[in-house]
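First up is the structure itself, then whatever we jot down about it.
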């Protein structure tokens, strides 16, 4: 059996003192400045897109003329150039969702520094809990050891560390190791197929009838109460601040405490997604999902002054709920985990899956009575059950009966043919699109 290269990332928390954290903060700000200088030089000052050689020379000149830019390692500056060029390549790729590269704000951009070469890290394990790594212009730093790294520990996985990235989160700096291993090509998964409907009231509903839920709030009662106190404290401190004056250190500290609590909730949500998707990919060989355009679904309903939107508050709440469930991240986790285990994830067109009855394959207005209840208005059918389970079974039916409509990976679905409409006493009835329903 052959081997395949598998690139993965592993995140560990760094143990830094105040001086080391300040050094990394300065390097991250310098990396942001290099990005902004490249953006001005590459896209504006030249009047046309500059070449890679011209951008590289511009970085060298800037590091000579601006003393504090030398605090950023030269390899990290070159990594910024590589990332910036890739951002433009993604923008010009019609199949990539990336937008046009823009200037990075000091307060809204993510602080990060790249270490492109893994051989300079010199990773060693100190004990069961800690390891050590070399960071350019910072020296030897300890990090939390939670997993054996390829090519580092004796008896660990075969492979190598190709590089790393230092990222600042709410609870401090972390190092993201880029690992490359050689894994045996997985045998085809022998499990059954299923479809999953991603929702809000029920996070994951399976076509088997199972409903996978999680806790309503990722913070405990005490943590929620503390978050509310901190948010009220921040509002008072903001009102007391004098206009035009810099943000006080006390308000910054309050903002940091709020960010730590919200980051804790996010980590718990991601951990639940990892564990849940791992169990699903262990059980099923094929997982069918809707090809949702999540970004389009979360567009604002505010409108303009001339044409204000309707039900703006309700739409804003729906957008928050969709963002909280992180549907795109769930699909991403399922895709790579299923591939590693010999399975696959298939995407089918999303149009009409929540309104169509999976039993008779008709779409009648009013069949979905609520967020969770589906009652087919077709008198010849009359199926009653959970609306999310019905949607999942409709996706499964489309996958089984319309191979030409199903798409794998992130490719776009084939366009649906116009549906047939007919008047009924219960409202408008639509037969399922041609090629989808029998």
When (1) more than 26 Å from residue 259 (Cβ to Cβ); (2) surrounded by 13 or more Cβ atoms within 10 Å (Cβ to Cβ); (3) touching a strand residue (DSSP E or B) at 6+ places or on another chain (Cβ under 9 Å) are applied to residue 112, the one that fails is (1)
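Here's the yes/no breakdown for (1) part of a helix (DSSP H, G or I); (2) at pLDDT 90 or above; (3) in contact with a strand residue (DSSP E or B) (Cβ under 8 Å, 6 or more places away or on another chain):
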{"residue": "318", "(1), (2), (3)": "yes, no, no"}
{"residue": "322", "(1), (2), (3)": "yes, no, no"}
{"residue": "328", "(1), (2), (3)": "yes, no, no"}
{"residue": "332", "(1), (2), (3)": "yes, yes, no"}
{"residue": "342", "(1), (2), (3)": "no, yes, no"}
{"residue": "346", "(1), (2), (3)": "no, yes, yes"}
{"residue": "350", "(1), (2), (3)": "no, no, yes"}
{"residue": "360", "(1), (2), (3)": "no, no, no"}
{"residue": "363", "(1), (2), (3)": "no, no, yes"}
Looking at (1) closer than 25 Å to residue 336 by Cβ; (2) touching a strand residue (DSSP E or B) at 6+ places or on another chain (Cβ under 8 Å), which is the one condition that is false for residue 136?
(1)
Filter result (free of Cβ contacts under 8 Å to residues at least 24 places away in the same chain, within 16 Å of residue 38 (Cα to Cα) and either under 19 Å from the mean Cα position of the chain (by Cα) or part of a helix (DSSP H, G or I) (or both)) within segment 93-114:
100
Taking the options 186, 97, 157, name whichever one is touching a helix residue (DSSP H, G or I) at 6+ places or on another chain (Cβ under 9 Å), under 22 Å from residue 337 (Cβ atoms) and modelled with pLDDT under 85.
97
Quick check, is residue 215 exposed (fewer than 11 other Cβ atoms within 10 Å of the Cβ) and either in contact with a helix residue (DSSP H, G or I) (Cβ under 7 Å, 6 or more places away or on another chain) or over 27 Å from residue 173 (Cβ atoms) (or both)?
yes
Check residue 271 against each of (1) part of a loop (DSSP other than H, G, I, E, B); (2) loosely packed, with under 13 Cβ neighbours inside 10 Å and name the one condition it does not meet.
(1)
Looking at segment 153-163 only, could you name the residues that are under 29 Å from the mean Cα position of the chain (by Cα) and either assigned to a strand (DSSP E or B) or surrounded by 15 or more Cβ atoms within 10 Å (Cβ to Cβ) (or both)?
157, 159, 160, 161, 162, 163
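So, residue 181, is that one at pLDDT below 90 and in a strand (DSSP E or B) or not?
When the stated conditions are applied, residue 181 passes them.
Residue-wise test of (1) surrounded by 13 or more Cβ atoms within 10 Å (Cβ to Cβ); (2) within 28 Å of the chain's Cα centre (by Cα); (3) touching a residue at least 12 places away in the same chain (Cβ under 8 Å).
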position	(1), (2), (3)
208	yes, yes, yes
221	no, yes, no
242	no, no, no
257	yes, yes, yes
260	yes, yes, yes
Please pick out the residue among 337, 295 that is part of a helix (DSSP H, G or I), touching a helix residue (DSSP H, G or I) at 6+ places or on another chain (Cβ under 6 Å) and more than 23 Å from residue 216 (Cβ to Cβ).
337
In segment 185-206, residue surrounded by the fewest Cβ atoms within 10 Å (Cβ to Cβ) [restricted to those that are in contact with a strand residue (DSSP E or B) (Cβ under 6 Å, 6 or more places away or on another chain) and in a strand (DSSP E or B)]:
193
Matching helices (runs of 4 or more DSSP H) fully within segment 1-92 where at least 2 residues are modelled with pLDDT under 85:
52-65
Matching entry among 276, 281 (being modelled with pLDDT of 80 or more and under 16 Å from residue 347 (Cβ atoms))
281
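The values are calculated or read from the model by the stated rules, or taken from the named source; none is laboratory data. Quantities reported herein were computed from a predicted structural model and do not represent experimental measurements. When we count neighbours, we look across all protein chains shown, and the Cβ atoms used for this are built from the backbone with ideal geometry, even at glycine.
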